[in-house]
C-alpha cells in the first residue's frame, strides 16, 4: 500500500520538472499537465493522470487499497526520466529555425510566382 505523502512528494517533483522544462507556472500537477498540453506524449500523459488518480484515492482509506503502487511509481519514474532529457534551449532554437525556414519558403514561393507572372505577361 502506498502512502499519500509519497504520492504528494512525487507529484511535487513532477510539477517542478514541468515548470523547469516547459516554462509554465502552476500550483498543482493537474494544472501543469493541462497547460503542457500536447508537448507531453500521450503515454506519459496517461501515467501522470494515473498518479493524479492514485493521489485522490489515497485520501480515502477504503479506496487507497485499490492503488497499484508499483505501476504508479514506475510511471512517475518514466515521466521524470523523460522530462529530464528535454532541453528547453534546443526546443526554442528548433522553433526559431522552423519559423525562419517557413518564412524563407513563403518568400521563395512569392518570388517564383512573381517571376512567372512577369514571364506570362511578356515582361521577361
| query | Taking Cα atoms, how many degrees apart are the long axis of helix 88-121 and the longest axis of the chain, rounded to 10 and kept between 0 and 90? | reply | 30
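How long is the gain from residue 115 to residue 24 if the chain were fully straight, where each residue apart is worth 0.36 nm and the alpha carbon distance is subtracted?
Numbers: separation 91, 0.36 × 91 = 32.76 nm, distance 4.58 nm.
Taking residue 115 through residue 24 to full extension adds about 28.2 nm, to one decimal.
Can you give the extra length, in nm with one decimal, that the chain gains between residue 49 and residue 124 once fully stretched, where that is 0.36 nm per residue apart less the Cα-Cα distance?
Values: separation 75, 0.36 × 75 = 27.00 nm, distance 6.24 nm.
That works out to 20.8 nm of additional length.
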| Which angle from 0 to 90°, rounded to the nearest 10, does the C-alpha axis of helix 69-85 make with the longest principal axis of the chain? | 30
| task | Return the single residue from 86, 63, 52 with maximal mean-square fluctuation; model: Gaussian network over the chain, springs between Cα atoms under 10 Å. | result | 63
| note | Between residue 70 and residue 16, the two model label points (7 Å from Cα along the beta-carbon direction) sit apart by a distance in nm of 2.9
| request: Would you calculate, for the chain, the mean residue ellipticity at 222 nm contributed by helices, counting each DSSP H stretch of 4 or more residues as -39,500 (n - 2.57) and dividing by all residues, to the nearest 500? | output: -26000 deg cm²/dmol
| note | Listed residues 58, 11, 101; largest mean-square fluctuation, Gaussian network over the chain with Cα springs below 10 Å, found at 101
| field | Folded to 0 to 90 degrees: helix 42-57 orientation relative to the chain principal axis, Cα | value | 30
| Which parts of the range 1-22 would a label at residue 97 reach, counting a residue when its backbone N lies under 16 Å from a point 7 Å out along Cα-to-Cβ? | none
| request: Of the listed values (i) 1.72; (ii) 1.60; (iii) 1.14, grab the one calculated as Cα Rg over 2.2 N^0.38 Å from the structure here. | output: (i)
| query | To the nearest 0.05, how large is the calculated FRET efficiency for residue 81 and residue 56 if R₀ is 25 Å and r is the Cβ-Cβ distance? | reply | 0.55
| Which part of the range 9-26 falls in the paramagnetic zone of residue 89, meaning amide N under 15 Å from the point 7 Å along Cα-to-beta-carbon? | 21
| field | Inter-part distance where the range 33-62 and the range 86-110 are each reduced to a Cα centre, Å | value | 32
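Could you order peptides 35-41, 115-121 by the average number of other Cβ atoms within 10 Å of their residues, highest first? If you can, show how the numbers build up before the last one.
Values: 35-41: 13.4, 115-121: 10.3.
By packing density, highest mean first, the sequence is 35-41, 115-121.
Values quoted throughout were computed directly from the atomic coordinates according to the rules given, and no laboratory measurement underlies them. Just so it is clear, the model here is predicted, and its values are computed rather than measured. A quick note on method: Cβ atoms are made from the backbone with ideal geometry, for glycine too, and the neighbour counts reach across all protein chains shown.
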